[in-house]
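Structure first, then comments.
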Amino acid sequence: MQVPFFTLKFQHEQIKSEVFRKIEELYDRTEFVYGKTGKEFEENFALFNEMAFACAIDNGTTGVELCLRAAGIKQGDEVITVSNTFIATVAAIHFTGAKPVFVEADANTWNMDPAKIEEKIIPATKAILPVHLYGQPANMIEINKIAEKYNLIVIGDSAQSVGSKIFYNEEWKSTSRFADISSFSFYPGKNLGACGEAGMIVTNNSNYAKFINMFRDHGSEEKYIHDFPGKNNRIDAFQSAILNIKLKHLDLWNAQRRQVAKWYFDELGSIEEIQLPAVPDNVLPVHHLFVILVKNREDFQKYLAEKGVGTALHYKLPIHLQKAFHHLNYKKGDLPITESIVERNISLPMFPELTCEQVKYIAKTIKEYFCKN
Ligand SMILES: Cc1ncc(COP(=O)(O)O)c(C=O)c1O
């Protein structure tokens, strides 16, 4: 059996005629940049996230950077974040001139460990930037307690967690409600993926939203009148239209991912050589990726590939050990839990249409591997 790591084939077949009709309509009325369609997508996305403002932008890297800029983060400031993430989280901090400061990951959930944050706070610390890694919300309840105590801004990197929720005060709430401002990526492989590049920022802070709406449009509210130097970070109308169509299916696709994850937990739970992600009762993840930890992952990955099972590594090297952030002067051993997670992680196939039969085949293949090794 062949099981791809990821495919968009099924969801794209499902919505193809609606997407093509909409693209043709936009093409005919020459609506290409932001426009009515971008605005409509923002309104729908704000509602979906239970937030007052949504600002559509060109990608999720811009998203994190503009969250930081909107919150006034600048040179001389420090921002606490994690090292087991995609590089964009940390690069965005770098581009504001602020210094990224890494905090350890929790050994079970692999998200930011709130117990390790306070020791990193100094007077220059201005914000905490947790990543909801692999689609699972970070421990926002504890992170917010610390942020409140030290008067820090909370910025969520929600690139991987669109649709995730946290149970708090007797109710499931959108993860976005637990941050002052959050950024999303609609890179094609994300749970809500464009057919190109796109991103979004959500917040309840009208000043933040106003800043972002102006910055993404050359610091302008009125055409050719510029209050400050900004950039062109606007979303395309085609992408907005496609994302608007996909958004209607997202709750179902996320529920299907949770079903796939449940099959994985059932099938792999008894294998001693594997560490599965811990999912606290108060979070509803969206399983952007289904990641497990194993020893000798290169050998394991090779075996799965020989048996037709696609896998990927998220990620190969923690950010504090990447050449790009050499100047921060971290060395191997500085974040031992993070390093141990990143050395062992491997992402198994995950997409909404994955079948129980395919998951059973993957589990059987994994069991065979551990019998032989
Ligand atoms: C955690 C995280 N942050 C930021 C980004 C950046 O998003 P984009 O690729 O849309 O720029 C990504 C996307 O891969 C991501 O996974």
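The values are calculated or read from the model by the stated rules, or taken from the named source; none is laboratory data. Remember, predicted model here, so these are calculated numbers, not experimental data. Cβ coordinates were reconstructed from backbone atoms using ideal geometry, including for glycine residues, and neighbour counts include every protein chain displayed.
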With the condition being modelled with pLDDT under 95 and either over 20 Å from the mean Cα position of the chain (by Cα) or within 25 Å of His132 (Cα to Cα) (or both), I'd like the helices (runs of 4 or more DSSP H) fully within the stretch 256-373 carrying at least 1 qualifying residues. 356-372
Please specify each residue of the stretch 1-25 satisfying the condition of being in a loop (DSSP other than H, G, I, E, B) and surrounded by 12 or more Cβ atoms within 10 Å (Cβ to Cβ). Met1, Pro4, Phe5, Phe6, Thr7, Leu8
What's the number of the only condition in (1) closer than 20 Å to Thr109 by Cβ; (2) part of a helix (DSSP H, G or I); (3) more than 16 Å from the ligand (Cβ to nearest atom) that Tyr134 fails to meet? (3)
Hey, can you tell me all the residues within the stretch 84-99 that are part of a loop (DSSP other than H, G, I, E, B), buried (at least 17 other Cβ atoms within 10 Å of the Cβ) and over 14 Å from the mean Cα position of the chain (by Cα)? Ala98
Of all residues in the stretch 26-70 being assigned to a strand (DSSP E or B) and surrounded by fewer than 23 Cβ atoms within 10 Å (Cβ to Cβ), the one that is nearest to the ligand (Cβ to nearest atom): Val33
If you check Lys307 against the conditions, is it outside the structural domain of Lys120 (by TED's automatic domain parsing), farther than 29 Å from Pro188 by Cα and among the basic types (Lys, Arg)? no
Give me a count of the residues in the stretch 189-219 that are more than 14 Å from the ligand (Cβ to nearest atom), under 30 Å from Leu8 (Cα atoms) and in contact with a Phe, Trp or Tyr (Cβ under 6 Å, 6 or more places away or on another chain). 1
So Glu171 clears everything in (1) without any contact (Cβ under 8 Å) to a residue 40 or more places away in the chain; (2) surrounded by 21 or more Cβ atoms within 10 Å (Cβ to Cβ) except one condition, right? Which one? (2)
Only residues that are out of contact with any helix residue (DSSP H, G or I) (no Cβ under 6 Å at 6 or more places or on another chain), charged (D, E, K, R) and surrounded by fewer than 17 Cβ atoms within 10 Å (Cβ to Cβ): list them for the stretch 138-168, please. Lys145, Glu148, Lys149
I'd like the full set of residues that are surrounded by 22 or more Cβ atoms within 10 Å (Cβ to Cβ) and within 13 Å of the ligand (Cβ to nearest atom), limited to the stretch 176-188. Ser182, Ser183, Phe184, Ser185, Phe186
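So that you can scan it fast, the table gives a plain yes or no per residue for (1) within 11 Å of the ligand (Cβ to nearest atom); (2) under 18 Å from the mean Cα position of the chain (by Cα); (3) not assigned by TED's automatic domain parsing to the domain that holds Leu47:
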position	(1), (2), (3)
Ile141	no, no, no
Asn144	no, no, no
Ala147	no, no, no
Asp157	yes, yes, no
Gly163	no, yes, no
Just one listed residue, out of Ile271, Ile292, Ile235, Ile319, is in the same structural domain as Val90 (by TED's automatic domain parsing) and either of a type in the set (A, V, I, L, M) or on the phi > 0 side of the Ramachandran plot (or both), and it is Ile235
